[in-house]
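The values are calculated or read from the model by the stated rules, or taken from the named source; none is laboratory data. All of these numbers come straight from a predicted model, not from anything done at the bench. Using ideal geometry, Cβ is built from the backbone for each residue, glycine included, and neighbour counts are taken over all protein chains shown. The protein model used for the area step is the full one, side chains on, heavy atoms only, and it has no ligands, DNA or RNA in it. Shrake-Rupley method; radii C 1.70, N 1.55, O 1.52, S 1.80 Å.
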Amino acid sequence: MGGLGVFLLQPRAESTTEVLPSITLQRLEGTAINLTDFKGKPILLNAWATWCEPCRREMPLLLEAARTNPDVQFIFVNISDGPEAVKAFEKELGLKIPNVILDPEARLSDPLRIQGLPVTLFYDAEGRLINRRIGEIRAEELPGLIEAF
């Protein structure tokens with residue numbers, strides 16, 4: 001009977017809902033920002049690194065999606081690189097990445113459950129996780145993922 005009591009005290013499923021973590025990091029430009037400051041619109045958060053080949057391949061696709069979906073807040077969290085590496089990456093690929101957030105110590109790896117790159121997380125406007133895509137997103141997949149917001 002003791003086991004039954006423990007079972008009844010288990011948290012309910014909705015209490016395990018993942019939310020956008022409240023953590024302050026730096027933008028590529030050097031200013032501090034908390035991830036929760038992006039709430040208010042659906043959020044696509046892409047965790048990437050300059051040395052990650054799948055990240056390099058999907059970046060132009062995600063940037064085009066950011067340009068054509070102004071109702072979605074795109075955040076590009078660079079895991080493990082410093083600002084110089086990110087700027088060199090942009091220059092090498094001829095890209096300008098909006099909303100680059102630097103996480104050189106990979107502080108978001110645990111709260112976002114990142115075990116490899118790239119990872120794309122989809123949050124609703126209140127910051128609740130609604131989808132997680134591990135690995136490179138292909139062009140034919142992205143519209144459906146964005147429409148699911």
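What distance in nm separates the simple spin-label points at E64 and A148, each placed 7 Å from Cα in the Cβ direction?
2.1 nm
Could you work out how far helix 83-93 tilts from the main Cα principal axis of the chain, as a 0 to 90 degree angle to the nearest 10?
With rounding to tens, the tilt is 60 degrees.
In deg cm²/dmol and to the nearest 500, what is the mean residue ellipticity at 222 nm of the chain if only DSSP H runs of at least 4 residues count, each as -39500 (n - 2.57), divided by the residue total?
Mean residue ellipticity, 222 nm, calculated: -8000 deg cm²/dmol.
Can you give the FRET efficiency for I130 and S22, using 1/(1 + (r/R0)^6), R0 = 25 Å, r = Cβ-Cβ distance, to the nearest 0.05?
Once rounded, the FRET efficiency stands at 0.85.
In whole Å, what three semi-axes, largest first, describe the equivalent ellipsoid of region 66-117 built from its Cα gyration tensor (square root of 5 times each eigenvalue)?
Listed largest to smallest, the semi-axes of region 66-117 are 20, 17, 8 Å.
Using the heavy atoms of the protein chains and a 1.4 angstrom probe, tell me the accessible area per residue for the chain in square angstrom.
Result: 55 Å² of accessible area for each residue.
Counting other Cβ atoms within 10 Å of each Cβ, which GluC sites (Glu not before Pro) in region 81-144 have at most 11 and sit in a DSSP loop?
The qualifying sites are E105, E126, E140.
Suppose we keep just the alpha-carbon trace of the chain; what are its Rg and Dmax in angstrom?
16.9, 65
Could you rank L45, L129 by how accessible they are, 1.4 Å probe, largest area first?
Output order, biggest surface exposure first: L129, L45.
May I ask you to derive the relative contact order of the chain, considering only C-alpha pairs under 8 Å and at least 6 residues apart, and to give it as an integer percent?
In percent, rounded to a whole number, it is 29.
Counting only protein heavy atoms and a 1.4 Å probe, tell me what percentage of the chain's accessible area is made up of carbon and sulfur.
Heavy-atom surface of the chain belonging to carbon and sulfur, 1.4 Å probe: 54 percent.
With unit charges on the beta carbons (Lys and Arg positive, Asp and Glu negative) and the dipole taken about the Cα centre of the chain, which residue among L142, A106, Y123 sits farthest to the positive side?
Towards the positive end, the residue furthest out is Y123.
Using the crude model of +1 on Lys and Arg Cβ and -1 on Asp and Glu Cβ, and no other charge, please compute the dipole size for the chain relative to its Cα centre, in debye to 20.
Using Cβ point charges on Lys, Arg, Asp and Glu, the chain gives about 120 debye.
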